[in-house]
Structures are given as structure tokens and as C-alpha cells.
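First the structure, then my questions, so here it is.
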Amino acid sequence: MKIAIIDTTKLFGSRSINKDLNGGFGTRDSFSDSIGGKIFERLRARAVYLPYLTSVYVYSILKQKGITVSYYHKNLPKSSYDIFLIVGSIVDYENENLLAGQLMKNYKNSKVGFIGPFPSTMPTLFPNADFIIDGEADAFFLYEFEKINTLDGIIKVENLINMDDLPSPDYSAFPYNSFKYKPILNQSPLLSIQASRGCPYSCGYYCTYPTSQGKQVRSRSPEALVDDIIFLKHNFGMKSLLFRDPIFGINKEFPYLLSEIIQKKDIAFNWGIETRADLLNKKNLTEMYSAGLRSINIGIETNDPDIAKKNKRKLSELNHQNKVINYCNQLGIKVIGFFIIGLEGDSIQSVKNMIEFAINQNIFVARFSVSTPYPGTKFYDQLNKENALLNKDFNNYNQFNYVIKNKNLNKKDVEGLVSYSYRKYYLRWEKIYALLSDQIKSIWN
Ligand code: SF4
């Protein structure tokens, strides 16, 4: 049997797309239509290129099962396969569908199907395929492989992956020297991995991670992860590793256990995580830093407790968050803050306050995006019920187009504020200097 996995991200010139982000729904950066916005978009597209991690795990599982499996990201297959698997996303679903239709026309004896959380959530948007894997694709190929000969329609995956059952991510068919996450983790090759899936926090009201991974946290053992790390270093020369967990270290013991084994085995590499400030403290930061932690993505979202409450977000205590950021700066861990514009309760003034807050936070970089009601979330259902969606053209659901009817802010206000936030945050001498000197330093390391 021959299977091809295809990711359209680089195939159709959509440079600013990252399908692995946003719970696997994907993001498409589109900061503004101004020249400055376009330059920033290009810079960001050149700086960040991440693998779609599920496709790496699916590839690894299939290879382990002895299947002939290929990965296409730059050009299309030129010969027939038994199965074509296309990575589906909210940010490129039209191109993905066109491709599926083309493959079905060209290879009449093959099966063409989609994988990914967005096709699982909105299968009707993917009509040009024989099948859609509804659920975790890696769980399907690992536990339900016998169904491979009857791929038709929507195939509901019965199982969730037990993280310890996953093989080490095998990047041999992927452009592993091209992946990057600059200026956050500068050393290449940069690869990604998952230590856990699932997030139980109440902000799952609007966030896609619990939609795609569930609320229950499933973790891989620290021992298995360290084996993965050794595998990635040995086979691909990995120097930086990005943990793509929605909330790294939710199991409080985990950061200590992992850091301890990394140090015991004396494995040198830089790594980055995404988590909440209230899961961090001096003790676990010191431990993780000693094991190579160099960057932390923190979803701050808003600085306003009332707005956070309205959006069902549990805010980290401000004083504690400041201490965490200061301690990270002291150690040399970069903190990346994520902020949302246009949340329920936001006004022009509250957003401007938040931008000032971001500037005063002393974080390494900030990302501002607009509140987006993703299908599959309760937020979307609520707005849909209230007839408060400006449109349901999901091409616009990319974190930069505002699609919500909001009594305080209109679409123009919000998109103007996004543009303003980037100008205000990045066009400062001290920020430009910090970013440039970081890049110069990284050349010598
Ligand atoms: S804590 Fe983060 S990953 Fe979890 S639901 Fe909230 S925003 Fe999403």
C-alpha cells in the first residue's frame, strides 16, 4: 500500500499560513493593508515555518507499520497512490478542496481524504473528497488501521491517542532544515513535539484547543519524551525544540521530571513551551532553564479583569505574572505575550490600555490578533444564535478579520486597532534594538 500526505501551505503561495497553530485550525497573518503591514507580514512569514505536527505523527505511524508513505509540501505527486491524505484547515480550505478534486479526477482508483480538526468540525466544507477522518488522525492510523480498506464518507475515530503510544516524530520526509521559529528560538534545525494534549480551562469557550484535543489532559511520560529528544538530535541534528502543548506543565510535577532527566543525560538543546503564567514559579523556571528552556509563549489575552470575566477567561494574578516575566528576563528566557483585540466588553480605550500594558510588560515580543469565533466553540454557537456574526465566510476567520457584531467596536475600529497595536508596540527604538541585537547575537551562537 502507498499513501501520500499533502500539505498545501507552500503549494499555493500562501506564505503567511501556519496550519499547526490555533489548535490545528491554522492562522493566516494579515496585519493590515498598509505597506508597513505587508512588510511585517513578509518578515513574519520568513521567520516562522512550523510543521503540521499531526502529519509528522501520521507519517511516523504509517512508516512503522511498513506502509510506503511520502510527504508532499512543495510540489504535487506525479504518480498514483492508494490513498492521498490532505491536511485540512480553516485558513486554506478552498485550495485544499480544489486539490482534492484534482486528485480525484486524475487518480480515479485512489482514495482522497482530509485529516485535521477543521475538516472534523466542518465536514460540509470539504465536499471534494472520498472521506474525512473525524477525530485524531494519528489515533485512527494507530488503533483503527483495519478500517483503511473502507475509507468512505465521514469516518468517526473511536479513540483518543494515548500519548505514550505515539512513536518518536520521524521527520525524515519533512523539510526539517527549513522549519523555524524566529526570533524566539533561533538555532536550527528547529523541530516540534507534543508532550501533552487537551486543556481543561474555561477559556475553551472561545479557544480551539479543547475543541480539537478535548478538555482532559493526556501526557507522554518524561522518559519517552527524552527518548524522542535523543532520537531527534541523533537523526536530524535538532538544536531547538518547540513543545506544541496547549498548556505545558499543567501536571505540576512534569516540568521537574523532564528537566531532571534532560540534565542527567546531559542533552544540550534549546526548547520553548506555551503555558499560563500561573503555572510558573521561580523553582520550576530555574529547573527548566537549567535543562535548556529558552522561550515561553504566554496567553495574556487581556489585562482587564472584567473583560476577562465576560469572556470566561481566568486571568493570571497580575503581580505574579509580572514576577514570572521579570524572572524569565533575569534568566534569559524569552517571553512572548499573546493578546486579543475585540473581546466582548472591549472598547477603543480598553484596547489602547491593553497595548500600553503590553509595552510595559517587558516581554520579548507580543502578538495581537482579533477575537475570532471558531466553529465548534460555544462562543461561535452563542454568536450564531444571537445573529451576531458579520459573515460565515470562513476564509475571513484567520485572527485578523473581525467577524463579530459588537456594540462597542465595529470591524473598522478593530482592524484599525490591530494595525495600531503593531505600530505602537514594534516601532520603538528600544524594541527594534532588542530584536536586532538578538539576531546579531544568534549569528555567533
Ligand atoms: S488556557 Fe490556553 S489553551 Fe487552554 S483553553 Fe485557555 S486559551 Fe485555550
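The values are calculated or read from the model by the stated rules, or taken from the named source; none is laboratory data. Here the structure is a predicted model, which means the values were calculated and not measured. Counting neighbours? That spans all protein chains shown, and the Cβs are built from the backbone with ideal geometry, glycine included. Please note that ligands, DNA and RNA were not included when accessible areas were found on the heavy atoms of the full protein model with its side chains. Shrake-Rupley method; radii C 1.70, N 1.55, O 1.52, S 1.80 Å.
Write down, largest first, the equivalent ellipsoid semi-axes of the chain in whole Å, where each equals the square root of 5 times an eigenvalue of the alpha-carbon gyration tensor.
In descending order, the three semi-axes are 33, 28, 21 Å.
From the protein chains alone at 1.4 Å, what is the descending order of accessible area for 98, 343, largest first?
From most accessible down to least: 98, 343.
In whole Å, what are the extents of the stretch 2-163 along the principal axes defined by its C-alpha atoms, from largest to smallest?
Each principal axis gives a Cα extent; for the stretch 2-163 these are 52, 37, 29 Å.
Cross-link list 38/411; 63/215; 215/265; 180/310; 38/407; 264/323: which exceed 26 angstrom alpha carbon to alpha carbon?
Too far apart for the 26 Å limit: 63/215; 215/265; 180/310; 38/407; 264/323.
Let me ask something additional. Find out how many positive minus negative residues lie around residue 233, taking Lys and Arg as positive, Asp and Glu as negative, among other residues whose Cβ is under 14 Å from that of residue 233.
For residues surrounding residue 233, the net value is -2.
Remind me, relative contact order of the chain in percent, using alpha carbon pairs under 8 angstrom and six or more residues apart?
Relative contact order here is 13 percent.
Restricting to the chain, what percent of DSSP beta bridges are antiparallel, rounded to 5?
If I count the DSSP bridges inside the chain, around 15 percent turn out antiparallel.
Turning to a different aspect of this structure: By what distance, in whole Å, do the Cα atoms of the stretch 1-57 stretch along each of the three principal axes, largest value first?
49, 22, 16
Could you state the number of Å between the C-alpha centres of the stretch 400-445 and the stretch 231-304?
Using only Cα atoms, the two centres lie 26 Å from each other.
Which value at 222 nm does the chain reach when only helices count, each DSSP H run of 4 or more adding -39,500 (n - 2.57), with the total divided by all residues and rounded to the nearest 500 deg cm²/dmol?
-11000 deg cm²/dmol
Protein chains only, probe 1.4 Å: how do 227, 266 rank by accessible area, largest first?
Of 227, 266, the descending order of accessible area is 266, 227.
Could you rank the peptides 299-307, 31-39, 173-181, 434-442 by their average count of other C-beta atoms within 10 Å per residue, with the highest value first?
Top of the packing list down: 299-307, 173-181, 31-39, 434-442.
Cα-based Rg of the stretch 341-419 per 2.2 N^0.38 Å, rounded to two decimals?
1.14
Let me ask you something else. Given a 1.4 Å probe and every protein chain left where it sits, what share in percent of the accessible area of the chain is carbon and sulfur?
51
Determine the sum of side-chain charges near residue 86: Lys and Arg each +1, Asp and Glu each -1, restricted to other residues whose C-beta is under 9 angstrom from that of residue 86.
Once positives and negatives cancel, what remains is -2.
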